[in-house]
Each structure stands twice: as C-alpha cells, then as structure tokens.
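*Asks:* Please find one structure pasted underneath; my questions will follow.
The values are calculated or read from the model by the stated rules, or taken from the named source; none is laboratory data. Quick caveat: nothing in here was measured; it's all calculated off a predicted structure. Here Cβ is always computed from backbone atoms with ideal geometry, including for glycine, and neighbour counts include all displayed protein chains. Side chains are part of the model used for accessible areas, which takes the heavy atoms of the whole protein and leaves out ligands, DNA and RNA. Shrake-Rupley method; radii C 1.70, N 1.55, O 1.52, S 1.80 Å.
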Amino acid sequence: MRPGPVARLIALVVLVAAGAATFLGLRPPDPVPADTPASEFSAERAFPVVADIAREPRPLGSAANARVRDDLTDRLTGLGLTPRVESPLGNVVATLPGTAPTGQVVLAAHLDSVPQGPGAADDAAGVAAVLETVRALRAGPPLRNDLTVLLTDGEEAGLRGARQWVRDGLDRTTPTVVLNHEARGVSGQSLLFRTSPGNAGLVHAMRAVPHPAGNSSLVAIFRLLPNDTDLSVVIGAGRPGIDSAFVEEPEKYHTAADSPANLDPASVQSQGSTMLALARELGATDLAPLDPTASGLPPQPDAVYFPLGDVLVTYPVAWEWPLAGLAVVGLVVVAALARRRELLTTRDALLPGATSPLPLVGAAALAIGLWQLLLVLRPEYADRPFLDRPVPYEVATVALAVLAVSVWHVRVRRRVGPCAAALGAAAPLAVLGLLAAAFVPGAAFLTTWPALGLVIGQALSVATRNSTAATVLAAVPSVVFLAPFAVAAFGIGGVATPIPAVAFALLGLPVVAVLDPVGRRAAALPALALVVAVGATAVGLA
Ligand SMILES: [Zn+2]
C-alpha cells in the first residue's frame, strides 16, 4: 500500500504546484492604466482621487472632513450627477436614473476616517472607486435600474451616517441592493466577505465578477472580529447587500501608515473591477426578488460560494449536509473495504480516527504557548497583536503545527500502517464538515471537499492496490482549500490566536499522510520543525 519514492516525489511536485497556482490566483490584478477605454475601471485614474482625499485625517466634524465633502460633491457634479448633502450628518448622496428601473443599486463607501491616520485604504480607496465606477458606467450604455451613490459620514464614529440614511433616506418599497466597500489593511484582493441572508440572487450576480475573491466562510470569521461596517445597518433593517474589503497588512489599518504611499493600487483595481461588474450585472437585473422586504416576494434561499481560479462555484447551502455526510459515510465504507482486503483491522482504523484531534489540540497549545512566551519577552505586543514584522513568528507557528502533526503521524503510522493513518487524517476534516454544516452555514466546503478528496483517493488506492494516482489526487483539494485559509487566518489576530496553527495542522494531516515519510526521515521531521520554530522565534525577537 505504501507508494514508492517516484510516486511520492510526483505527489510532492503536484502539491507544491497546486499550492503555487492557488496563491498566484490570490494576487490582485495589475492596476489598469489611465489610457484604457473609458468604459473600463482604471486604478490609475482613481488613484489621484485617493491621494487628494487622504491628505490628512478627516474624522466626523473636522475641517478636513468638510473639505473632502465639498470636493466630492464637486466631483459628482462634474460626472453629471446632482449630489445632495444630507444633514444633520454629512452623507453625500446622488442618483443616476435608470431607463426602466425595478429598484436601485447603491454604491456605498464612507468619506470619514479615524483621527489616527489619513485613511487612504479605509476608506478613501472605496470612495475613489465609487467615483471611477460611476464615470465608467456613464461612458457605457445606461443601466436599467437607478444607481445611487452613498458616501456616508461618521462611519468610524459608530456607523452614524449609515444609520441616518437607513432611517431617513432608504425607501421602504423601492427594491434596493447595497454594495458596500471597505478595507482592513492596505493591500490584497477585494474580498466578497459578507452578504445579507437569503443571498442566492446576490451570489448569482457575483458570477459576473471577472476575478471573484472571497467566499461564504468569511462571514463567520468576520463575526470573530471587533470590526463592523455600514452594511450591518442595512442588513439590520432586513435589506440586501454585499460587503467587500481588502485586508492584507492589517498592522497599518487605523494608523498613520494607512497612507496613499502604502496603499497598493492593485487593491483599488480589485475593488473597482468587482464593483463595476456587480453594478452592471445588478443594474440590469430585476431587483424585486432580491429585496423581499420591499417587494413582498418570498425570501430567497442561501447559497455557498467560493472561487476556483476565475470561476465562482456556487450551490445551495442545503447541499452542505448531504456532501458532509457523504464524506463521513465514504470514510467508513473505505475503511470497511480496506478491512476486507486485510489492509487494516478494526482496531487499526479506530486508533488514528480517535486520536486525530490530538495534533489539532497540540498545534493550538503550542501556538498559545509561543504567544505567552512572546508576551513575557515583549510585553508591548499585548497592545497590538498585528506586529510590524510578523513573518518570523508566522513561520514559527507553521513549524509548530508541523511538529504536532508529524509527531502524531510517526507514532500512529508505526502502530497501524499507511492506510489506516491516511484514513485517520481524513477523519477530522470529515467531522468538521458536519459540524460546520450544523453551526457555520456556508463554511462547510472548506473541509468537506478536502475530506472527499482523501476518501476518493483512498478508495482508488484500496480498489486498485496501486496508490500512485490516488496519492497525487488525494491531497490536492486540501491544498487548494486549506492552504489559503490557513495563511488568511493570520489576518484574524496575527499570531495572538491559535486559529492559524489549527488551520495549518488541518492542512498538514492530509499532506503528511500522502507524502507518508517513514523510517529515519519521518523521525527527522519533528526535529527539523522544532529547530525551525526556535530559530524563527529567535529571528523575530532579534
Ligand atoms: Zn472603514
């Protein structure tokens, strides 16, 4: 049953290639130059507006806030709209009438910033992208639906502008979809990270986005964060919308370093291309079914969504249960088949299955231990979990996850052999798929597809007694789904939370099972991981 050295080399090459392709796909698109056709979104055209807005902090009530508001009304007038400033706060609102409107698409961003910094990413980039999108829409054929520009004030002071607009400005009977634009860092792709409930129609519209980013698991992560956005007020009123944000380099968020110089133009391009595609798609759609509160139509079901390359995969949330159940049942069936072929005994199958949560718990405990050690040596880290140079500690966290997984694999593999060890590695993924289907709707795909990949791989392996193809196949979904999730998990709370370590352990289980190191090399892996963890921590401290 053990794949030969060539098969394992192929597996390693395929997994590294799958990981590289996945990460290349996560980079934002290159900024489009200013001489591109007028109906396209160009970050180069939007960027001078960002630099102009983000010259200085502009909190609610400040002179800079008033200057920016005057400047934005001038710019909207220049685009051929008739903006109005809505008191008592200073929301700037303007509408571009549609040809045969079924409702309105709202492009929203906030014009204020925190007092601590100029807010180039948060949210001058969103405001500038709204203006550039309106300009591009004006250059193309008119939309069927009305388009409303909503630049809110006082977002950073408690979503005050959004509250005023939802109370006084949002018509109760006009079908409305709000597209809100935010940032929690200064680079990275713009992620479609949250929708209102009953999102099937919104997710259908997302399929028009050229390079869709973000997925239906992110809303669960958003709920773990202390952040909030204007869209919460819209959703709270029972109205539909989509939240997008770029979130990389979170250490610069809400600081003086959120400046035009640090803002990645590629993130503005990502935000703008996504906004323009959604505005065109929803601008041509009958909005009544998307806004049941306004139209009185029945609510829509919920949909799972995630990109594979540039294709947005979507299916009903109701499918999460059967898919997760299939992974669990498949695991049991493959174990039974392997037993009939005398590849393992019942006891062999139970040991790795029952002990497979241990590497996850171990990785979490080691990551918590590392952070507590860092707090003893560098008490100032407690003030801001997003460190200026986090990479050495992130490397140490990954190494600690590898340590936990490899120690478990060496011990279990020695007792029960490769087949049972590989099935054991799939068990936590399959069970987490079931738990997510029950408690975190929209997120089960993250572990269900990796578990199904491992089940199919092991089934082929058991059926053919030749595991080369299966070895290669089995762990590809794990890398494609879990590697980006594990890396992104550092964005939740840096290395101060054990979530990235657990995510890397989840990824490590199938990868180590597939590569199946044994003998001296297997014993060397935990030792190497420990050396890397200690060395990287020392580098970080130095
Ligand atoms: Zn913001």
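*Asks:* Do any residues in region 116-135 that are open to solvent by 10 Å² or more (accessible area, probe 1.4 Å) and of a type in the set (S, T, N, Q) have Cβ atoms under 7 Å from those of residues that are within 11 Å of the ligand (Cβ to nearest atom) and outside any helix (DSSP H, G or I), where the two are at least six apart or on different chains, and which pairs are they?
*Replies:* Within 7 Å, the pairs are 116/254.
Here's the yes/no breakdown for (1) buried (at least 18 other Cβ atoms within 10 Å of the Cβ); (2) under 16 Å from residue 122 (Cβ atoms); (3) more than 13 Å from the ligand (Cβ to nearest atom):
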| site | (1), (2), (3) |
| --- | --- |
| 219 | yes, no, yes |
| 225 | no, yes, no |
| 228 | no, yes, no |
| 241 | yes, no, yes |
| 244 | yes, yes, no |
| 260 | yes, yes, yes |
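*Asks:* Name the pairs: first residue in region 208-222 and under 19 Å from residue 435 (Cβ atoms), second residue open to solvent by 40 Å² or more (accessible area, probe 1.4 Å) and at pLDDT 90 or above, Cβ to Cβ under 6 Å, at least 6 apart or on different chains?
*Replies:* 220/440
*Asks:* Shifting gears a bit: Let me confirm something: among 74, 52, which residue is of a type outside the set (Gly, Ala, Ser), open to solvent by 60 Å² or more (accessible area, probe 1.4 Å) and at pLDDT 90 or above?
*Replies:* Being of a type outside the set (Gly, Ala, Ser), open to solvent by 60 Å² or more (accessible area, probe 1.4 Å) and at pLDDT 90 or above holds for just one of 74, 52, which is 74.
*Asks:* Condition check: in contact with a Gly (Cβ under 8 Å, 6 or more places away or on another chain) and open to solvent by 40 Å² or more (accessible area, probe 1.4 Å). Does residue 328 satisfy that?
*Replies:* Yes, satisfied.
*Asks:* For the structure I just gave you, tell me whether residue 277 is away from the ligand (no atom under 16 Å from the Cβ), surrounded by fewer than 24 Cβ atoms within 10 Å (Cβ to Cβ) and either in a strand (DSSP E or B) or among the hydrophobic types (A, V, I, L, M, F, W, C) (or both).
*Replies:* Spelling it out, residue 277 is indeed away from the ligand (no atom under 16 Å from the Cβ), surrounded by fewer than 24 Cβ atoms within 10 Å (Cβ to Cβ) and either in a strand (DSSP E or B) or among the hydrophobic types (A, V, I, L, M, F, W, C) (or both).
*Asks:* If the requirement is being out of contact with any Cys (no Cβ under 7 Å at 6 or more places or on another chain), assigned to a helix (DSSP H, G or I) and hydroxyl-bearing (Ser, Thr, Tyr), which of these qualifies: 22, 36?
*Replies:* Matching residue, one of 22, 36: 22.
*Asks:* Taking region 200-214, which residues are in contact with a Phe, Trp or Tyr (Cβ under 8 Å, 6 or more places away or on another chain) and either closer than 13 Å to residue 302 by Cα or of a type in the set (Gly, Ala, Ser) (or both)?
*Replies:* Listed by number, the residues that qualify are 203, 214.
*Asks:* Moving on to the next point. Working only within region 374-390, note down all residues that are in contact (Cβ under 8 Å) with a residue 40 or more places away in the chain and of a type in the set (A, V, I, L, M).
*Replies:* The answer is 374, 377, 387.
*Asks:* Now for a different question. Would you please name the residue that is surrounded by the fewest Cβ atoms within 10 Å (Cβ to Cβ), looking only at residues in region 85-115 that are hydroxyl-bearing (Ser, Thr, Tyr) and closer than 20 Å to residue 288 by Cβ?
*Replies:* Only one residue fits best here, namely 99.
*Asks:* In addition: Take residue 362 and tell me if it is closer than 24 Å to residue 440 by Cα and open to solvent by less than 60 Å² (accessible area, probe 1.4 Å).
*Replies:* yes
*Asks:* Also: Filter region 165-201 down to residues that are open to solvent by less than 10 Å² (accessible area, probe 1.4 Å) and within 14 Å of residue 275 (Cβ to Cβ) and give me whichever is nearest to the ligand (Cβ to nearest atom).
*Replies:* The selected residue is 183.
*Asks:* Okay, moving on. Residue by residue through region 141-154, note down the ones that are within 16 Å of the ligand (Cβ to nearest atom) and either over 26 Å from residue 43 (Cβ atoms) or open to solvent by 10 Å² or more (accessible area, probe 1.4 Å) (or both).
*Replies:* Within region 141-154, 154 is the sole residue that qualifies.
*Asks:* Could you tell me which of the residues 318, 349 is outside any loop (DSSP other than H, G, I, E, B), over 27 Å from residue 18 (Cα atoms) and over 25 Å from the mean Cα position of the chain (by Cα)?
*Replies:* Exactly one of 318, 349 is outside any loop (DSSP other than H, G, I, E, B), over 27 Å from residue 18 (Cα atoms) and over 25 Å from the mean Cα position of the chain (by Cα), namely 349.
*Asks:* Let me ask you something else. From the list 268, 313, pick out the single residue that is of a type in the set (Val, Ile, Thr) and within 29 Å of residue 477 (Cα to Cα).
*Replies:* Just one listed residue meets the conditions, 313.
*Asks:* Select the strands (runs of 3 or more DSSP E) contained entirely in region 53-127, then report the ones holding at least 1 residues which are within 16 Å of the ligand (Cβ to nearest atom).
*Replies:* The strands (runs of 3 or more DSSP E) meeting that bar are 91-96, 104-110.
*Asks:* Limited to region 259-290, what total is found for residues that are closer than 25 Å to residue 114 by Cα and of a type in the set (Asp, Glu)?
*Replies:* Qualifying residue count for the region: 1.
*Asks:* How about region 141-250: which helices (runs of 4 or more DSSP H) wholly inside it have at least 2 residues that are touching a helix residue (DSSP H, G or I) at 6+ places or on another chain (Cβ under 8 Å) and farther than 27 Å from residue 388 by Cβ?
*Replies:* Fully inside region 141-250 and qualifying: 160-164, 200-206, 231-236.
*Asks:* Of 443, 430, 496, which residue is open to solvent by 10 Å² or more (accessible area, probe 1.4 Å), touching a Ser or Thr at 6+ places or on another chain (Cβ under 9 Å) and modelled with pLDDT of 90 or more?
*Replies:* 443
*Asks:* Only one of these is within 16 Å of the ligand (Cβ to nearest atom), open to solvent by 10 Å² or more (accessible area, probe 1.4 Å) and among the charged types (D, E, K, R): 160, 138. Name it.
*Replies:* Of the residues listed, the single one that is within 16 Å of the ligand (Cβ to nearest atom), open to solvent by 10 Å² or more (accessible area, probe 1.4 Å) and among the charged types (D, E, K, R) is 160.
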